[in-house]
Amino acid sequence: MFSRILLAYDGSALSKKALEYACRLAEDNRAKLEVVHVLHNPVAVIGEAIFNPSAEYEKAYINRTESMIEDLNRQLSGLPDARATMLIGNPVAAILDYAKEMSADIVIVGSRGLSEMQELFLGSVSHNIVQHASIPVLVVK
């Protein structure tokens, strides 16, 4: 039924649950599985002032993300056509662009990610993926 599966992963408990589901689905369908984590450095805007994260914060964030990708690739090593990749940019746009690039049949996301504050102000990544995807989206709870 599916030959190319894309999983959006952020390290949250629900994305870990979604990873388990995506692995089973890929195995059952002998499908290619791409797991992506989007590196997105937020900025704070207060009035007209824009505050960027410090260089130390950005370096630590990149290091944590690279470590997460390495760990994911170790976890995926048992699946013949699975890999984890880091993307950079706006999470929704990056995920949907990558889904189109790889001709994904389905996108899988956890229902809630790590950033409840971002969800409060911007709307959730999973909600926006569901709203803007041109292919089926499976939301794991």
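The values are calculated or read from the model by the stated rules, or taken from the named source; none is laboratory data. Computed from a predicted structure; not experimentally measured. All Cβ positions, even for glycine, are placed from backbone atoms using ideal geometry, and neighbour counts span all protein chains on display.
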**Q.** Residue count for segment 20-75, restricted to those that are in contact (Cβ under 8 Å) with a residue 24 or more places away in the chain, in a helix (DSSP H, G or I) and closer than 21 Å to Ser126 by Cβ
**A.** 9
Q: Look through segment 83-133, keep the residues that are among the acidic types (Asp, Glu) and at pLDDT below 90, and return whichever of them is nearest to Gly11 (Cα to Cα).
A: Glu116
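Loosely packed, with under 11 Cβ neighbours inside 10 Å and among the β-branched types (Val, Ile, Thr), is that true of Ile50?
yes
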**Q.** Among (1) among the hydrophobic types (A, V, I, L, M, F, W, C); (2) within 22 Å of Val140 (Cβ to Cβ); (3) touching a residue at least 24 places away in the same chain (Cβ under 8 Å), the one test that Ile88 misses
**A.** (2)
